[in-house]
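Engineer: This is the structure I have questions about; it appears just below.
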Amino acid sequence: TQYTIAVVVGSIRKDSFNRKLAKALEKLFPTEFSFTQVRIDDLPLYNQEDDASPAASVTRLKGEITAAQGVLFFTPEYNRSIPGVLKNAIDHASRPYGESVWNGKPAAVIGASVGPVGTALAQQHLRNILAYLNMPTLGQPEAFIHNKEGLYDEAGNIGEASKKFLQSWVDAYVAWVKQNQA
Ligand code: FNR
């Protein structure tokens, strides 16, 4: 069986540490897993008036989530919560009412930060949202990534210090996706 995972990165800056983490983690998955990098930087600000005539970027986002067997969220922490751009994307794909494409998709949450406390509070806020959206979300292991020297090797792969732990995180999510298919 092939599994496609939608990768949602809550930062739209070019050199995002969360995007870099996403790229490196993808390489730790088995070959039966492939990834769709979901674009969120061209979505309009969510406006309920537009539900009946969504922008092309919104239709694309919803199609990509619908086609996926799971969703991976990489969230930065902004002021102890998730970035507005990420919430905007989540809101778009949750509407119109009753037609949320997030429903039932097995999810995992991870995040990279420049601070040692990591993205703990942002991840907790995100978990609240995903619970409401009825997304079974991996509970353990949790991963709060401090973007510091040695996290990656020269090739941009996960470095030795964190590889074993992050591989265990990936393995847990792989099992989670398989056991949560409808
Ligand atoms: C931050 N940053 C931050 N870091 C953190 O650990 N906790 C926080 O509450 C915040 N708050 C915050 C607010 C705003 C508006 C910005 C721009 C930044 C720092 C954050 O970890 C850093 O900018 C990361 O590099 C963001 O992730 P990306 O863009 O590299 O993926």
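Bear in mind these aren't lab numbers, they're just calculated from the coordinates by the rules spelled out. Fair warning: this is a prediction, and the values are worked out from it, not measured in the lab. Methodologically, a virtual Cβ is constructed for each residue, glycine included, from the backbone with ideal geometry; neighbour enumeration extends over all protein chains shown.
Engineer: Would you kindly derive the ³J(HN,Hα) couplings of the stretch 151-157 from the backbone phi angles with the Karplus curve 6.51 cos²θ - 1.76 cosθ + 1.60 (θ = phi - 60°), listing them in order in whole Hz, with x for Gly and Pro?
Structural biologist: 5, 10, 8, 4, 7, x, 7
Engineer: Take the Cα of K27, step 7 Å along the line toward its Cβ, and report every residue of the stretch 138-170 whose backbone nitrogen sits under 11 Å from that point.
Structural biologist: 152-160
Engineer: Just order 137-147, 152-162 by mean Cβ neighbour count inside 10 Å, highest at the front, would you? Walk me through the numbers on the way to the answer.
Structural biologist: Values: 137-147: 16.8, 152-162: 13.0.
In descending order of packing, they fall as 137-147, 152-162.
Engineer: Enter the mean projected area of the convex hull around the alpha-carbon atoms of the chain, in nm², rounded to one decimal.
Structural biologist: Values: hull surface 40.9 nm².
The orientation-averaged projected area of the Cα hull of the chain comes to 10.2 nm².
Engineer: Further question: Please list 3J(HN,Hα) in residue order for the stretch 3-15, calculated via the Karplus relation 6.51 cos²θ - 1.76 cosθ + 1.60 where θ = phi - 60°; whole Hz, with x for glycine and proline.
Structural biologist: Karplus-based 3J(HN,Hα) across the stretch 3-15 equals 10, 10, 10, 7, 9, 10, 9, x, 9, 10, 7, 4, 9 Hz.
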